[in-house]
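Notes for the one structure printed next.
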Amino acid sequence: MNYFIRIIMLKNKSILTCLFFVMGFVFILLDSCSKENSTIITDNDGNVYHYVTIGTQVWTVENLKTKKFGNGELIGTTTPATLDISNEDSPKYQWAFGGYDTSATKYGRLYTWYTVTDNRNICPAGWHVPSDAEWTTLTTYLGGESVAGGKLKETGITHWLTPNIGATNESGFLALPGGSRDYGGSFGNYRHAGTWWSSTSTSALDAFSRSMYHDETSTDRSANDKHFGFSVRCVKNN
């Protein structure tokens, strides 16, 4: 009798050992999957961003807010926020709209093109500022420039001025109108329009950007002065 009891106990121990092993493997697998499927990243300034897959690309859902480059060095700003920088050679600055930091919480910060393309990188590790071609890939996937703006804009008029024409946000991009800053120091277009830099230069003075407006469904591709302050979105490295 004792012999059979010992056999049963040994079998139970073997079963329990196998169960613990299998459960441990499952927990490891689930943990690994949850990390791979995470939709949150953090920049070097501690700001948290979500991201979304649109076609073959992965984009951040919020406008960039960082005041630091990827190596931890601060991105400068001007004092006052309205300082004229038109005579500076290649200014590397960031601003909250109007100089009010509270606006950056929702709408992000505005950066000069020279900041955007600095080799210290302003996007989180593994991400970069999109090229003009990457912006075109996005708008083409969404049906072309004439309709892409509506599919990219946040719906409603909480952050966009009324009427927020054609806004569906069906892409999940959640475009917000962070406004802009010109080289003379004037801030404008807050809640009216959002303009985002590309990393692509068109000349010694200008670079491509994309704009969206509260009263249009389109996206506007144009070349702007590199001294201007525009919003930034990041796209994931391939």
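The values are calculated or read from the model by the stated rules, or taken from the named source; none is laboratory data. The shown structure was predicted, so the numbers you read here are calculated from the model rather than taken from an experiment. In this analysis, Cβ positions are derived from the backbone assuming ideal geometry, glycine residues included, and neighbour counts consider all displayed protein chains.
The figures follow:
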{"quantity": "Any hit, segment 128-143, residues being more than 30 Å from D89 (Cβ to Cβ) and among the aliphatic types (A, V, I, L, M)", "calculated": "yes"}
{"quantity": "Single unsatisfied condition, K67 versus (1) surrounded by fewer than 11 Cβ atoms within 10 Å (Cβ to Cβ); (2) at pLDDT 50 or above; (3) among the basic types (K, R)", "calculated": "(1)"}
{"quantity": "Selection within segment 213-236 - in a strand (DSSP E or B) and under 25 Å from D43 (Cα atoms)", "calculated": "G229, F230, S231, V235, K236"}
{"quantity": "Residue list for segment 102-139, restricted to those being among the small types (G, A, S), more than 25 Å from S218 (Cβ to Cβ) and either surrounded by 20 or more Cβ atoms within 10 Å (Cβ to Cβ) or touching a Phe, Trp or Tyr at 6+ places or on another chain (Cβ under 9 Å) (or both)", "calculated": "S103, A104"}
{"quantity": "From the options L142, L161, residue that is aliphatic (A, V, I, L, M) and in contact with a His (Cβ under 6 Å, 6 or more places away or on another chain)", "calculated": "L161"}
{"quantity": "Test: G24 is under 26 Å from G108 (Cα atoms), modelled with pLDDT under 95 and loosely packed, with under 15 Cβ neighbours inside 10 Å", "calculated": "no"}
